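Novice: Pasting a structure here, questions to come.
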Amino acid sequence: FKHYLTLLKIVPWYTGGLIVVCIFVIFSGGQRKVRRKQFEIFWYTHIFVFPLFFILLLIHGKGGWNPNFWKWFIVPAVMYAAERIVTIRRTRKPVTLLSVTSMKPNVFSLEIEKSGPFEMKTNGREPYFEGQYCFINCPHLSQFQWHPFTISSAPSDKTVTFHIRKSIPGSWTDELHEYVANGIEY
């Protein structure tokens, strides 16, 4: 019996249990129903639990260190960190909302000035292609909620447009439409 109590004090038991919990949370947050109806849950579980999962894998081993995992972890970790840094830098650039057009009871269009992240690249290339998606944030609704929407304008257009379908009443898209349709300044 003492042997089993000694095993419970070993770090891999704790990290292994937490790794299983992380996998469960990431898997649960990634289900189609959750992604469609509660995008925030999907987003936050992946943004916050994903790095924790890899940190736990790194220390999951005898004596609190996984002797081989770091060899496979270092390149993806550097790539992930670089992507997060670039994303954070790009999200600091403000954009100007030019117009809001209500098209149907549940569809509206946002027209944005081609500035900030949408400006022409120095090499003459367009910063995006039609059909690509862009994450949109409205700080007046939430500082941390970013939602993906497809760019519906051609790169050669003078402005960038997004056509957005409102989801259920009270959703982020519904609140965004109410906010921008009332002409409240950013």
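The values are calculated or read from the model by the stated rules, or taken from the named source; none is laboratory data. Being a predicted model, the structure only gives us computed values, none of them experimental. Here Cβ is always computed from backbone atoms with ideal geometry, including for glycine, and neighbour counts include all displayed protein chains. These area figures cover heavy atoms from the full protein model, side chains too; ligands, DNA and RNA do not enter into them. Shrake-Rupley method; radii C 1.70, N 1.55, O 1.52, S 1.80 Å.
Novice: Could you put Asp174, Asp157 in order of accessible surface area, largest first, with the 1.4 Å probe and the full protein assembly present? Walk me through the numbers on the way to the answer.
Specialist: Working: Asp174 25, Asp157 65 Å².
Ranking Asp174, Asp157 by accessible area, largest first, yields Asp157, Asp174.
Novice: How much FRET efficiency would the formula 1/(1 + (r/R0)^6) give for Thr159 and Thr87, where r is the Cβ-Cβ distance and R0 is 30 Å, rounded to 0.05?
Specialist: In this case the efficiency is close to 0.80.
Novice: As an exercise, identify the chymotrypsin sites (Phe, Trp or Tyr not before Pro) in region 114-156 lying in DSSP coil whose Cβ has no more than 12 other Cβ atoms within 10 Å.
Specialist: On the way: sites: Phe118, Tyr128, Phe129, Tyr133, Phe135, Phe144, Trp146, Phe149; in loops: Tyr128, Phe129, Phe144, Trp146.
Answer in residue order: Phe129, Phe144.
Novice: Considering every Cα-Cα pair within the chain, what fraction, in whole percent, is farther apart than 31 Å?
Specialist: Details: 6275 of 17205 pairs.
Here the tail beyond 31 Å accounts for 36 percent of pairs.
Novice: In whole percent, what relative contact order does the chain give with Cα contacts below 8 Å and a gap of six or more residues?
Specialist: The normalised contact order for the chain reaches 14 percent.
Novice: Using θ = phi - 60° and the Karplus relation 6.51 cos²θ - 1.76 cosθ + 1.60, list the HN-Hα couplings for region 26-38 in order, rounded to whole Hz, with x at every Gly or Pro.
Specialist: 5, 4, 5, x, x, 5, 3, 4, 5, 4, 7, 9, 9
Novice: Summing +1 for each Lys or Arg and -1 for each Asp or Glu, what net charge is found among the other residues whose Cβ lies under 14 Å from the Cβ of Trp43? Could you put the intermediate results ahead of the total?
Specialist: Values: positive: Arg35, Arg36, Lys37, Arg84; negative: Glu40.
Computed value for this residue: +3.
Novice: Per residue and in cubic angstrom, what volume does the convex hull of the Cα atoms of region 132-186 have?
Specialist: Numbers: hull volume 5.1 nm³, N = 55.
Convex hull of Cα atoms, per residue: 92 Å³.
Novice: Ile41 versus Ile168, label points 7 Å from Cα toward the beta carbon: distance in nm?
Specialist: 1.0 nm
Novice: Please give the net charge around Arg165, taking every other residue with its beta carbon less than 13 angstrom from that of Arg165, where Lys and Arg add +1 and Asp and Glu add -1. Write out the running numbers ahead of the final one.
Specialist: On the way: positive: Arg36, Lys104, Lys166; negative: Asp174.
Surrounding charge for Arg165 is +2.
Novice: Then there's this: Loop only per DSSP, at most 14 neighbouring Cβ atoms within 10 Å: give me the trypsin sites (Lys or Arg not before Pro) in region 86-186, ordered by residue number.
Specialist: Numbers: sites: Arg89, Arg90, Arg92, Lys114, Lys121, Arg125, Lys158, Arg165, Lys166; in loops: Arg92, Lys114, Lys121, Arg125, Lys158, Lys166.
Of the trypsin sites (Lys or Arg not before Pro), the ones in loops of region 86-186 whose Cβ has at most 14 other Cβ atoms within 10 Å are Arg92, Lys121, Arg125, Lys158.
Novice: Using a 1.4 Å probe on the protein chains only, how many percent of the accessible area of region 77-186 belongs to carbon and sulfur? Intermediate values should be presented prior to the final figure.
Specialist: Working: 3960 of 7220 Å².
C and S fraction of accessible area: 55 percent.
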